[in-house]
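Trainee: Here you go, one structure.
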Amino acid sequence: MALPAYSRAAAAVQSGPIDEIFAVLAHRPDVVSFAVGSPDTDLLPVDLMDELVRKAGVRYGPSILQYGMTRGFAPLLGHARELLLKRDISCSTGAIHITTGGSGALHNVCMALLDEGNVVLVEEPTYGPAVKSFRSHGATVRGVTCDEFGIVPEALEEALSPDVAFLYMLPTFQNPTGRTVPAERRQQLAEIVLRRHVLVIEDDVYADLRYHGDPVPAVWSFAPENTVYITSLSKTLAPAVRIGIVVIPEHLSDGTLALKQNIDMQTSTFCQAIAAEFLESGHAETHLARIIESYSSRLDTLVAALDRHFSPEFRWTKPDGGMFMWMDGPPDFDADSILDSALAQGVAYLPGSVFYADGGHRHRNTIRLSFANVADRDIDRGIKQLNALFEACG
């Protein structure tokens, strides 16, 4: 008797190029990696953890080791509301719930909203793991044309149809391009979704990592009843603490929380208490300032290295924040075909094609560079290696 085959959901999310690259990098500490889109391990607040755990235990008692409310740990919900207010998102704590990371938030929302055959619209390019999640729930994922300011409003109008479940977008320091959608464009897109009765999933996990310019109002602020807003503490506290924060319209809240109960009952109360203490103690602002100083310096170093080593045939735009920069090569450049050679020579990047819902066959001349997890001293050397490799293969 044959063993059961994968479900359709599992078959839709099997590993791809990103997973394969990360598997290689796990055994190659010598590689200068512009591929990994995660915080710098050396900047994670290990030195604070003992203090945060001890103070959380004193402040909240043994309840932090107990089951808790599905919606979230009450003190953290209060701090989350204050954090959101700093982004001009004014809502009650009843509109907020805590999830197991931003990815957990996205999964909960997908479970609540997606049926087999639904369509999810995404930016071109977009965050690859989100596409996996949508497909695992039976959705068809379609890219919407973007320019340097994000989704083109006319393209969104054309893409909308009755089978669209929602529009997913990362409007601030987008992964993978680093671009930020300006306020005027956000308002234009909000007017469309309001008029066409469309739901937006706004993934805003990089918002605090701003190095230049002024904050831009969240898409949520233009269409709160049509927007699920997702952020997290993974980039500002630690990914392993797994704290996501969601603001969800009232008519979707009960069903989403009921499904979350079936997934994990509630996000770890212990981790939520640590996060609450982190935000309460004042360490959050100090730690964020340290991160911003370091990442901003690395971004400047990366831009200087690109200016120094790359020819004008390659184009890039310096982002105002986040962790990523996007590069376009000449039309005949093929980033996918060169990747194995780059890894063999000790430098890594992600081909831009992996961030397109259609497979990116028309975009093999693009690259995503992540600078947050590369030491300042290695950036120039890595970029010089890349340029030499691209010229040799050109």
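The values are calculated or read from the model by the stated rules, or taken from the named source; none is laboratory data. Only a predicted model underlies this, so the values are computations on that prediction, with no experimental measurement involved. Heads up, the Cβs are rebuilt from the backbone with ideal geometry, glycines too, and the neighbour counts pull from every protein chain shown. These accessible areas exclude ligands, DNA and RNA; they are computed on the full protein's heavy atoms, side chains included. Shrake-Rupley method; radii C 1.70, N 1.55, O 1.52, S 1.80 Å.
Trainee: Filter the stretch 228-253 down to the residues that are more than 21 Å from residue 269 (Cβ to Cβ) and either assigned to a helix (DSSP H, G or I) or more than 17 Å from the chain's Cα centre (by Cα) (or both) and list them by number.
Mentor: Within the stretch 228-253, 249, 250, 251, 252 meet the criteria.
Trainee: Go through the residues of the stretch 284-301 one by one and say whether even a single one is in contact (Cβ under 8 Å) with a residue 24 or more places away in the chain, open to solvent by less than 10 Å² (accessible area, probe 1.4 Å) and among the β-branched types (Val, Ile, Thr).
Mentor: Looking through the stretch 284-301, at least one residue is in contact (Cβ under 8 Å) with a residue 24 or more places away in the chain, open to solvent by less than 10 Å² (accessible area, probe 1.4 Å) and among the β-branched types (Val, Ile, Thr).
Trainee: Is at least one residue of the stretch 180-188 open to solvent by less than 20 Å² (accessible area, probe 1.4 Å) and touching a residue at least 40 places away in the same chain (Cβ under 8 Å)?
Mentor: Checked against the condition, which is being open to solvent by less than 20 Å² (accessible area, probe 1.4 Å) and touching a residue at least 40 places away in the same chain (Cβ under 8 Å), the stretch 180-188 yields no hits at all.
Trainee: Let me ask something additional. Can you confirm whether residue 307 is open to solvent by 70 Å² or more (accessible area, probe 1.4 Å), farther than 30 Å from residue 86 by Cβ and without any contact (Cβ under 8 Å) to a residue 24 or more places away in the chain?
Mentor: So residue 307 fits the description; yes.
Trainee: Sticking with this structure for a sec: All but one of (1) of a type in the set (Gly, Ala, Ser); (2) open to solvent by less than 40 Å² (accessible area, probe 1.4 Å); (3) at pLDDT 95 or above; (4) in a helix (DSSP H, G or I) hold for residue 72; state the number of the condition that does not hold.
Mentor: Single failed check for residue 72: (4).
Trainee: Inspect the stretch 110-125 for any residue being under 26 Å from residue 351 (Cα atoms) and among the acidic types (Asp, Glu) and give the result as yes or no.
Mentor: Yes, the stretch 110-125 contains a residue that is under 26 Å from residue 351 (Cα atoms) and among the acidic types (Asp, Glu).
Trainee: Something else now. Residue under question is residue 244, and the condition is that it be closer than 28 Å to residue 380 by Cα and at pLDDT 95 or above; does it hold?
Mentor: So residue 244 fails the test.
Trainee: Just one of (1) open to solvent by less than 40 Å² (accessible area, probe 1.4 Å); (2) of a type in the set (A, V, I, L, M); (3) part of a helix (DSSP H, G or I) trips up residue 327, so point out which.
Mentor: Result: residue 327 fails condition (3) only.
Trainee: Ok, one more. Given the residues 343, 299, 279, which is the only one that is among the aliphatic types (A, V, I, L, M) and modelled with pLDDT under 95?
Mentor: So the residue among 343, 299, 279 that is among the aliphatic types (A, V, I, L, M) and modelled with pLDDT under 95 is 343.
Trainee: Let me ask something additional. Suppose we filter the stretch 131-154 for residues that are open to solvent by 20 Å² or more (accessible area, probe 1.4 Å), in contact with a strand residue (DSSP E or B) (Cβ under 9 Å, 6 or more places away or on another chain) and not in a loop (DSSP other than H, G, I, E, B); how many remain?
Mentor: 5
Trainee: Of all residues in the stretch 315-324, count the ones that are open to solvent by 20 Å² or more (accessible area, probe 1.4 Å) and not β-branched (Val, Ile, Thr).
Mentor: Qualifying residue count for the region: 4.
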